[in-house]
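Chemist: I'd like to ask you about the structure that follows.
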């Protein structure tokens, strides 16, 4: 029975090597499908500009709750500052 498993493992390693070397077709064309993070380039940023920003996530990305909390705080501070200026 041990020989059977050894043969199966060697066969699987062979299949992986063949696929990794490019035989069996190529991979699909890669394209960037992440949404753009856009803020105005000219003029001062407003609290509404920051509220509309959405960051893309990755496997080892950021903790969304922490970033959202920071952006909420920055928006509140900007709104408070805008109220004092007028």
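The values are calculated or read from the model by the stated rules, or taken from the named source; none is laboratory data. Here the structure is a predicted model, which is why all the values come from computation and not from measurement. Positions of Cβ are generated from backbone atoms using ideal geometry, with glycine treated the same way; all protein chains shown enter the neighbour counts.
Chemist: Which one of the conditions (1) modelled with pLDDT of 80 or more; (2) within 29 Å of the chain's Cα centre (by Cα) does residue 18 fail to meet, given that it meets all the rest?
Modeler: For residue 18, the exception is condition (2).
Chemist: Could you tell me whether any residue of region 23-45 is at pLDDT 70 or above and assigned to a helix (DSSP H, G or I)?
Modeler: no
Chemist: Please indicate, with yes or no, whether at least one residue in region 49-58 is exposed (fewer than 10 other Cβ atoms within 10 Å of the Cβ), on the phi > 0 side of the Ramachandran plot, modelled with pLDDT under 80 and out of contact with any helix residue (DSSP H, G or I) (no Cβ under 8 Å at 6 or more places or on another chain).
Modeler: no
Chemist: Would you mind finding the one in 77, 66, 82 that is at pLDDT below 75 and assigned to a helix (DSSP H, G or I)?
Modeler: 82
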